[in-house]
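The values are calculated or read from the model by the stated rules, or taken from the named source; none is laboratory data. Here the structure is a predicted model, which is why all the values come from computation and not from measurement. For neighbour counting, all protein chains shown are included, and Cβ atoms are generated from backbone atoms with ideal geometry for every residue, glycine included.
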Amino acid sequence: MRKLFVLLGDPVAHSRSPAIHARAFALLGIDAAYAPCRVPAEDLERAVRFYGDVLGLVEVTRWGAERPRLNVSSATSPPASEPEHEPQR
């Protein structure tokens, strides 16, 4: 059965990740698809829960580790926190 991997974010149309992953899957003989899915930042948490819980895009390995099959684009990711102080020069 084909496995689905998902890229969540906004924007995602420009991403080369689906093409890169499609090529890697083909070269490795893996029956899988990597699909971009446009999700605005304010809906991201709900989308991650939906794709993870409802569609089962988080697998549990035989060792009990979680292996997510979804990624969040850096454009949608929360910004990094500001440094607490100015760097020394």
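A compact table of results
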| read-out | value |
| --- | --- |
| Search result, residues across region 1-59 that are touching a strand residue (DSSP E or B) at 6+ places or on another chain (Cβ under 8 Å) and of a type in the set (Lys, Arg) | 2, 3, 38 |
| Any hit, region 73-80, residues being surrounded by 15 or more Cβ atoms within 10 Å (Cβ to Cβ) and modelled with pLDDT of 85 or more | no |
| Tally, over region 1-22, of residues that are in a loop (DSSP other than H, G, I, E, B) and either in contact with a Lys or Arg (Cβ under 6 Å, 6 or more places away or on another chain) or in contact (Cβ under 8 Å) with a residue 12 or more places away in the chain (or both) | 7 |
| Residue list for region 1-45, filter: hydrophobic (A, V, I, L, M, F, W, C), over 13 Å from the mean Cα position of the chain (by Cα) and over 15 Å from residue 69 (Cβ atoms) | 13, 19, 20, 26, 27, 28, 41 |
| Selection within region 53-72 - touching a Lys or Arg at 6+ places or on another chain (Cβ under 9 Å) and either of a type in the set (Gly, Ala, Ser) or modelled with pLDDT under 60 (or both) | 56, 60, 61 |
